[in-house]
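Asker: I have a structure here, written as structure tokens, and I will follow up with some questions on it.
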């Protein structure tokens, strides 16, 4: 595949998944606004804790099945081996069934422990018991996504994302409207329920397995790989959700329920808007990288291309978010959440480093380096928790945002060093220039924001607009190999598609 074709594939996948993510972002913003108006900061914080608890138990129960399942199916599909694909699908189904049931049983059995020691309120045990349903549905939905992802059904994944966002928002807000604070559990369960139901619809439409029944030995081999790699990836994934849960607990303990709501507000916005880039990496880039992981040159070329496209797409949004953080907080929540603006700005600064580091982390995932990936994740998340623990008494809530930056200050050099050792990776000079210029502008805006919000907005929007124009030209250049005729042809096709849709 030529460089221009590879860039076009990355951009095409990013546009499909990114388009779905933009719709999800819009829906998510409306959902956050409604929740803030209905429940206030303390309710938003409790939703964050419940959601984080579901993620924690689901990560353990899921045993990394999303990552490893995608890898196994993508590898079999890359070899065009129907029998291997069929075996991977069957192993994924039966493995998921057992894991989902086990996860639900764990959270139901330990509901009193979680209520007393995580939420610091033993009266919430019955509500946590109902979260067992959310855990089972989350694990099951992850296997559906792994199957669609491994088979490169990008359009179906985008449709599931959009439809489930709409359905879960309607169901969740209806529960809060009817029941108020007692409806928080139903609000949390609505998201995995909608994702599972709609995921099942699209999985059921996949071509039926046209291969002989897999014997026990073949299934055992698949399960052995799922368990061996999945355990490492599960422990690695556990680092992220456990760190988030510990940080939320620290914030609530040291600063109170309202501060937890402010942290949750900033975190939700940060994770929502950056999702349009990160989801595209997980959906298209990961399977493609897995298929070529034995070819060092091809791997390094693809990682550079993915990093460049991600930075070009995300930079204008990040800079605009940095400039408008207080206004965005008031728009999406209420004036009560004003303290979240500074946290959000620090998290945006960390997001620059996160986008640069993510493609490197996928090298470890695609190569099956489970232990190395696990140690890397735990090291970075340990830094996050440690810096938050030290900083909260000294700096207040802003310390949680600063700790997020510290996390990726450690993580990016670490995964870069590991990528160099594994594939002799090196960033292209063009990417280095983009990264330095983006970070420099972000740091300048952070400095200006301590003196004048008006100046920050004006200068920030001007810089974001300049980057948007430059990045658009750069994207046209890479997908057309720098040919002016190619650029005009691509722009003309885009305009034709737009006019056709309007008609």
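A short reminder: the numbers here are calculations on the coordinates, not readings from a lab. Quantities reported herein were computed from a predicted structural model and do not represent experimental measurements. Positions of Cβ are generated from backbone atoms using ideal geometry, with glycine treated the same way; all protein chains shown enter the neighbour counts.
Asker: Report Rg(Cα)/(2.2 N^0.38 Å) for the stretch 323-410, keeping two decimals.
Answerer: 1.28
Asker: Using only the alpha-carbon atoms of the stretch 372-480, report the extent along each of the three principal axes, biggest first, to the nearest angstrom.
Answerer: 44, 41, 15
Asker: Under a crude label model (7 Å from the Cα following the beta-carbon direction), how far is residue 117 from residue 42 in nanometres?
Answerer: Distance between label points: 2.6 nm.
Asker: On to the next question. Multiply the residue gap between residue 271 and residue 170 by 0.36 nm, knock off their C-alpha separation, and tell me the result in nm, one decimal place.
Answerer: Contour length minus Cα-Cα distance gives 34.2 nm.
Asker: Based on other C-beta atoms within 10 Å, arrange 33, 354 from fewest to most.
Answerer: 33, 354
Asker: Expressed as a whole number of Å, what is the distance separating the alpha-carbon centroids of the stretch 313-363 and the stretch 134-198?
Answerer: Centre-to-centre distance over Cα atoms comes out at 24 Å.
Asker: Next up: By count of other Cβ within 10 Å, fewest leading, how are 97, 46 ordered?
Answerer: 97, 46
Asker: P(r) for the stretch 98-208: what percent of alpha-carbon pairs falls in each 10 Å bin, starting at zero?
Answerer: 15, 37, 32, 14, 2
Asker: Give me the distance in nm between label points sitting 7 Å out from Cα along the Cα-to-Cβ direction at residue 331 and residue 466, one decimal.
Answerer: 2.3
Asker: Go ahead and run the numbers for FRET between residue 231 and residue 294, Cβ-Cβ distance against an R0 of 25 Å, rounding to 0.05.
Answerer: The computed FRET efficiency comes out at 0.60.
Asker: Additional query: Starting from the Cα of residue 105, step 7 Å along the direction of its Cβ; do the same at residue 436; then give the gap between the two resulting points in nm.
Answerer: Label-label distance for residue 105 and residue 436, simple model: 5.8 nm.
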